[in-house]
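The values are calculated or read from the model by the stated rules, or taken from the named source; none is laboratory data. Treat the numbers as computed from the prediction; the structure is a model and nothing was measured. Heads up, the Cβs are rebuilt from the backbone with ideal geometry, glycines too, and the neighbour counts pull from every protein chain shown. Protein only, heavy atoms only, side chains kept; ligands, DNA and RNA dropped before computing areas. Shrake-Rupley method; radii C 1.70, N 1.55, O 1.52, S 1.80 Å.
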Amino acid sequence: MRPALHSFALLISSRTRRASIKLLPCVAVLLSLAVGMTYCDAAKAAKRDRARGVSRAVLKVEFDQRAGNSTPVRMDVDFDALLPRGKSGLIDPNTIVVKRRLRGKTRTYNVRFSKNLYYKNQGWVAWLADDPQKGGRWTIEFDMRAPDGRMAEPQYLPPVGVGDKLCYNGNRWQPIGVPGYHNSPIPVDWNADGLVDIISRSGGTNSIGMPMAGIFFWRNIGSNEEPRFDVPLRVSADGVDQEHTLDSYMVYFKPRRGFMSEDYMTCDVFDWFGSGRMDLITLSRSGGIKVYRNTGRMDAAGMPVLELAQRPEYPSCIGKGRYPGLRVVDWDG
């Protein structure tokens, strides 16, 4: 997995809109988030950053008088509302930074962010503000991810105090880790870019705000000779009708597009329909056998768009245990 230390891009936005900010109780007084530059150097900054395709939003924040010298700040952001007119797609959460202009100097704050921002443009962002009572002008800056879904290398992830997960912030590559247990890695060129990626199940991630079980994808951002893998992304599909949750076990609903998440589900890849593309087959006690067709299209995160195509009958000779195994192969040719 890539290190959590890297450079980031800056950005700027042109429209003027307002969106609410949610800050931690007893930390800061809720005010507003305004898009657009409101100070004299806006035109120069816009000209400099526009060529980079970057966006900036101005934060208007006031802190409670009880806020200490190091105060955690967390806000909910709808980045779609901050994109310049005519621009669409997923932002790159690894490029998000918060800046503070105070007494002629600019301080940059690395942030923590919710995992939702890997898949959509709505989620929370948090940072640790020092000396909040001194005021200053706050901005949040972000960039778009590449057309193929690739993201910039992660920045340093600071301890903030909003339920942070401990992480390695060194500059050396580390062995990849599955966000859960009962993993079963499968090497496959999942996004058809000629590089061998990894697909793996996970029995439970214990991540607040996310399903428990899931199927994860590690994009190879290196080479086949020296593979390097991006952060794991959850695999989603059309036709999902259940979810293994952290608090309610299995929840069932009408088929929709969502993350695959069934109790101790397992998976394998196989060209089930002879299209030349790898499809995904899953198995679980709660969901049975499901075949998800690889449509050949890519979503904004750079993963194949999958759709539930078949539900083969579960073999009567095999018991429905909680910890199944699955291998798909043309055994008889």
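Just going by the charge dipole of the stretch 179-240, with Lys and Arg at +1 and Asp and Glu at -1 on Cβ, which of P179, G209, N191 is farthest out on the positive end?
G209
First measure r as the distance between the Cβ atoms of W173 and R66, then evaluate 1/(1 + (r/R0)^6) with R0 = 45 Å and state the FRET efficiency to the nearest 0.05. Walk me through the numbers on the way to the answer.
Working: r = 43 Å, r/R0 = 0.95.
It comes to 0.60.
I need the shape label for the stretch 255-333. Rule: rounded when a/c is under 1.5, else prolate if a/b > b/c, else oblate, with a, b, c from the alpha carbon gyration tensor.
Values: a/c = 2.23, a/b = 1.32, b/c = 1.69.
Oblate shape, in that a/c is at least 1.5 and b/c is the bigger or equal ratio.
Just reorder R103, R56 by solvent-accessible area, largest first, 1.4 Å probe, all chains present.
Values: R103 195, R56 15 Å².
Highest to lowest solvent-accessible surface, that is R103, R56.
If ligands, DNA and RNA are left out, what is the accessible area of C167 with a 1.4 Å probe, given in Å² to the nearest 10?
Looks like 60 Å² after rounding.
Using label points projected 7 Å from each Cα along Cα→Cβ, tell me how many nm separate S88 and N224, to one decimal.
That separation, rounded to one decimal, is 3.6 nm.
Let me spell out the model: positive unit charges on the Cβ of Lys and Arg, negative unit charges on the Cβ of Asp and Glu, origin at the Cα centre of the stretch 78-153. What dipole size does that give, in debye rounded to 20? Before the final figure, lay out the partial values.
On the way: 15 positive and 9 negative charges, 79 e Å.
For this selection, approximately 380 debye.
Roughly how many debye, to the nearest 20, is the charge dipole of the stretch 215-282 about its Cα centre, given +1 on each Lys and Arg Cβ, -1 on each Asp and Glu Cβ, and no other charges?
Here the size comes out at about 260 debye.
Excluding ligands and nucleic acids, what accessible area in Å² is computed for S316 using a 1.4 Å probe, to the nearest 10?
120 Å²
Give me the accessible area per residue for the stretch 178-277, probe 1.4 Å, as a whole number in Å². Spell out each step's value before the answer.
Numbers: 4230 Å² over 100 residues.
For the stretch 178-277, the solvent-accessible area averages 42 Å² per residue.
Counting pairs of Cα atoms in the stretch 144-190, how many percent are more than 11 Å apart?
Values: 882 of 1081 pairs.
Of all Cα-Cα pairs in the stretch 144-190, 82 percent lie more than 11 Å apart.
By average Cβ neighbour count within 10 Å, what is the ranking of 211-219, 302-310 from highest down?
Values: 211-219: 23.8, 302-310: 18.3.
Result, highest mean first: 211-219, 302-310.
As I understand it, the dipole of the stretch 88-141 uses +1 on the Cβ of Lys and Arg and -1 on the Cβ of Asp and Glu, about the Cα centre. Which of I140, T106, I91 lies farthest toward its positive end?
The listed residue farthest towards the positive side: T106.
Can you give me the distance in nm between label points at F273 and E153, each placed 7 Å from the Cα along the Cα-to-Cβ direction?
3.9 nm
I'd like to know how the stretch 78-146 sits against the 2.2 N^0.38 Å rule of thumb: what's its Cα Rg over that expected value?
On the way: Rg = 13.3 Å, N = 69, 2.2 N^0.38 = 11.0 Å.
Dividing the Cα Rg of the stretch 78-146 by 2.2 N^0.38 Å gives 1.21.
In terms of the Cα gyration tensor, with a ≥ b ≥ c the square roots of its eigenvalues, is the stretch 233-284 rounded because a/c is under 1.5, prolate because a/b exceeds b/c, or oblate? Before the final figure, lay out each step's value.
Numbers: a/c = 2.62, a/b = 1.94, b/c = 1.35.
Since a/c reaches 1.5 and a/b is larger than b/c, the shape of the stretch 233-284 is classed as prolate.
Cα extents of the stretch 165-215 along the three principal axes, largest first, in whole Å?
Cα spread of the stretch 165-215 along its principal axes, largest to smallest: 34, 30, 18 Å.
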